[in-house]
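Notes to accompany the following structure.
Bear in mind that the values in this text are calculations on the coordinates, not laboratory data. In this text the structure is predicted, and so the values were computed from the model without any measurement. In this analysis, Cβ positions are derived from the backbone assuming ideal geometry, glycine residues included, and neighbour counts consider all displayed protein chains.
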Amino acid sequence: MDGRPRLLDQVREQIRLKHYSIRTERVYCEWVKRFIRFHDYRHPVEMGAPEVESFLSHLAVNKDVAASTQNQALAALLFLYKEVLRQDLPWLGEVVRAKKPSRLPVVLSIKEVQAILANLEEEPWLIASLLYGTGMRLMEAVRLRVKDIDFGRREIVIRDGKGKKDRVTVLPMRLVEPLKVQLAHVRHLHQHEMAQGRGDVYLPDALARKYPKAPWEWGWQYVFPASSLSVDPRSGAVRRHHFNEQKLQRAFKRAVQVAGVVKLATPHTLRHSFATHLLESGQDIRTVQELLGHSDVKTTMIYTHVLNRGRLAVLSPLDRV
C-alpha cells in the first residue's frame, strides 16, 4: 500500500508551510475535491490543461459562477499542480482566465451611513464604525489586536493586511471612548479566563513557537473576541477566536433594510465610502492610497469616478437651463 499522505493532506501541508490562512486552506481543498469529482475521481496527475479548461468552462456555463469565483478555482488548481504535485506547467498559457468585469464600487452618502449605523448596536456598531472611520477591511477589523491601537498617536496599525502588508490608518476621535470601553470589557474577560488557566489566542505563523508566552499576553488579545470558545481546526486547541464576521454581515444587512437604503451595501461598502468621502473633502489621493493600503494609485483612482461632481467638477448642461 502507498505510504504517502492522501492528496488533500498534502495540499493542507503545503498551504500551512506557506502560512496561508485557514480560509484559503478550506477553499483550495474544496476546489480540488470538486475538480476530482467532476472528472470521475481521476487523479490530477493523470490530467492537465484540457481537464482544467473543461472544469472551468463547466463552472462558467453550467454553474454560472462569477469571474472571481472561476479565477479562485483556477488558483487552487494551479497551487495543486505547482506546489503539491511539483509539475511543470507548460500548458498554463493555454488556460483561459475569466476577465473580471470592471464595476464602480457602491458608495453610501453620509446620511445613509448615519442611518445604517443608527440601526446597529454594541460590537457590530463599533466594528462598522471602524470600517467607515478607518477604511479597514472587515477581516482586518475583526482580527485587530489590542497592541495595534495607539491612543496617544491616534493610529491603528493594520498587520498582515491584503498582500501580507502592514499599514497605518487613522483612529477617529469619536471612537476613542467606545474603544476604551470595549478594551475594558475584553481585559475583564481575559483576566477571568487567565484565572481559569486559559486566556491564550491564536498567533500567526511561527510566533507562538518564537514567543511561547505571547498567546497569553494582554497585547495579543483580540479587540473583538468571540462570544464563546471554539476548537482550532489546525491545532485542536480550545480557545477564544475573534468575533464572527458573519454575525456583523447579518446585522449590517438588517440595518440597511431598516434604514431604507436600497443600494446593495455590505460592510465592505463602508471602506468604499471612507475613500470617496475623503476625496470629496479634498484629501490628497496619495494619502487615501496609503490609508487603504493600495500598492498602485490606479486602484485608488476608481474612487474619483464616483465623486458627487466628478474629478473635473463637471456641471450638467441641464443644470444651466
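When Rg and Dmax of the Cα atoms in Å is calculated for this entry, the matching label among (1) 18.9, 62; (2) 22.9, 84; (3) 20.8, 60 is (2). Could you please report the charge total around Gln221, scoring K, R as +1 and D, E as -1 over all other residues with beta-carbon less than 9 angstrom from its beta-carbon? Net charge around Gln221: +3. Taking a straight line from the alpha carbon of Lys63, these lysines sit under 21 Å away, with near neighbours fewer than eight places off in the same chain left out: Lys33, Lys99, Lys100. Highest mean first, the peptides 245-255, 281-291, 71-81 sorted by other C-beta atoms within 10 Å per residue fall in the order 71-81, 245-255, 281-291. Remark: the Lys165-Arg153 segment gains 2.3 nm on full extension, using 0.36 nm per residue and subtracting the alpha carbon distance. Simple spin-label estimate for Ile110 and Tyr211 gives 4.0 nm between the two label positions (7 Å along the Cα-to-Cβ direction from each Cα).
By the rule of a C-alpha distance below 28 Å, with chain neighbours fewer than 8 residues away ignored, the lysines paired with Lys213 are Lys18, Lys147, Lys162, Lys164, Lys165, Lys180.
Applying 0.36 nm per residue to the separation of Ser54 and Lys263 and subtracting their alpha-carbon distance, the gain on full extension is 71.6 nm.
Phi angles across the range 207-223 convert, under the Karplus curve 6.51 cos²θ - 1.76 cosθ + 1.60 with θ = phi - 60°, into 3J(HN,Hα) values of 4, 5, 6, 6, 10, x, 8, 4, x, 9, 6, 4, x, 8, 5, 6, 5 Hz, Gly and Pro given as x. Mean residue ellipticity, 222 nm, helices only, the chain: the sum of -39500 (n - 2.57) across DSSP H runs of n ≥ 4, divided by residue count and rounded to 500, is -14000 deg cm²/dmol. Counting only lysines at least 8 places from Lys111 when in the same chain, those with an alpha carbon closer than 26 Å to its own are Lys247, Lys253, Lys263. Taking 0.36 nm per residue of separation and subtracting the current Cα-Cα distance, fully stretching the chain between Leu89 and Gln191 would add 31.4 nm. Of the peptides 261-270, 296-305, 230-239, the ranking by mean beta-carbon count within 10 Å, highest at the top, reads 261-270, 296-305, 230-239.
Between the alpha-carbon centres of the range 177-233 and the range 29-64 there is a gap of 41 Å.
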